[in-house]
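The structure under discussion appears below in the form of C-alpha cells.
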Amino acid sequence: MAKLNIAPTKSNLLVLKRQLAFAEEGYDLLEQKRQILIFELMSRLGRARDAEQNASDALRRAYAALREAQLDVGSEAVDQAAMAVTMEHNVDLSDQHLMGMKIPRVTVQTEPVSVSFGVGGTSASTDAAMSRFIEVLPLLAELAELENAVMRLARELRKTQRRCNALSKIFMPDYRETIGYIVGSLEERERESFVILKMIRDRLDQPSPRSDGDGDEGQEAR
C-alpha cells in the first residue's frame, strides 16, 4: 500500500471518499461478472468435452465406413464417386451476447441425403460413408462454437480478474490509507486549534499586571 501524494484538506477528503465509494461499487459489479463468467466457462467446458467426444466417435464411425467402402470398391472408385457429389451445406455464423461479449454461434444446415452415386462402381458402404460424414458436420460446428466460446470466456475472465485484483489490492487500499492519513491530519489540526484557542482564552481571562499596579498606587494616594 502507498499513500497518495495529495494535500490533507477537507475538499480532497470528500473527493477521495466519493472515488473510493465508486471503486467499491465497481469492484462489486466486477466480482459479480467474474462469478457469472466462471459459471458460464465451467458450463461450456463440460459441454465442449462432451461435444469433442461425440465428434470423435462420429468421425471414427465415418472413417470406418470409408475404409469399408474402399475395401468393397477400391480407393480410386471411392475418389471418383466423391468427385461426382454436388451437395450444398450451409454454415451460418451469428453472435450471442453475454456480459458485453460477443460469442459466435455456429449452425449447420446439411442437405438431405439422397442417391448421389451411380449403380455401377459403388456399393451400399459408399452411401453409408457419405451419410456418416454428413452426420459429423453439425457435431463439428457445435464443437467449434463451444471451443471458441471457452477461449473468449477464459480471456475475459482473466481480464476481469486483473481488474478485480487492481481494485482490491492496489487502488482501494491506497485510497483507504490516504483517507486515514487525511482524517488523522485534520483531527490533529483540530486538536492544535483547540489547544491554541484554550491558551488564548486563558490569557484573556487572567488580570493584567499593569492594571493591578495602577490600582495599588491609586489606593496609596488616597
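The values are calculated or read from the model by the stated rules, or taken from the named source; none is laboratory data. Values in this document were obtained by computation on a predicted structure and should not be read as measured data. So basically every Cβ, Gly included, is an ideal-geometry build from the backbone, and we count neighbours across all protein chains shown. These accessible areas exclude ligands, DNA and RNA; they are computed on the full protein's heavy atoms, side chains included. Shrake-Rupley method; radii C 1.70, N 1.55, O 1.52, S 1.80 Å.
A few points about this structure:
- Residues of the stretch 80-105 that turn out to be part of a helix (DSSP H, G or I) and surrounded by 11 or more Cβ atoms within 10 Å (Cβ to Cβ), as a count: 3
- Of the residues in the stretch 66-83, not one is over 30 Å from Pro173 (Cα atoms), at pLDDT below 85 and under 18 Å from the mean Cα position of the chain (by Cα).
- Residues of the stretch 162-185 classified as under 15 Å from Lys17 (Cα atoms) and of a type outside the set (D, E, K, R), total: 12
- Taking the criterion of being assigned to a loop (DSSP other than H, G, I, E, B) and of a type outside the set (A, V, I, L, M), the residues of the stretch 1-42 that qualify are Lys3, Asn5, Pro8, Thr9.
- Taken over the stretch 3-42, residues that are surrounded by 13 or more Cβ atoms within 10 Å (Cβ to Cβ) and within 30 Å of Val150 (Cβ to Cβ) amount to 11.
- Selection status of Arg191, exposed (fewer than 14 other Cβ atoms within 10 Å of the Cβ) and within 18 Å of the chain's Cα centre (by Cα): no
- Pairs, first of a type in the set (Val, Ile, Thr) in the stretch 1-28, second not in a helix (DSSP H, G or I), C-beta under 8 Å, six or more apart: none
- Pairs, first farther than 19 Å from Ala2 by Cα and at pLDDT below 90 in the stretch 179-193, second open to solvent by 80 Å² or more (accessible area, probe 1.4 Å) and in a helix (DSSP H, G or I), C-beta under 8 Å, six or more apart: Leu186/Lys10
- Beta carbons closer than 8 Å, at least 6 apart along the sequence or on distinct chains, pair a first residue in the stretch 37-64 that is within 23 Å of Phe133 (Cβ to Cβ) with a second that is surrounded by 14 or more Cβ atoms within 10 Å (Cβ to Cβ) and among the aromatic types (Phe, Trp, Tyr) for Ala62/Phe133.
- For the stretch 160-181, the set of residues classified as more than 16 Å from Leu30 (Cβ to Cβ) and aliphatic (A, V, I, L, M) consists of Ile179 only.
- Leu37 being closer than 30 Å to Lys3 by Cβ and touching a Ser or Thr at 6+ places or on another chain (Cβ under 7 Å): no
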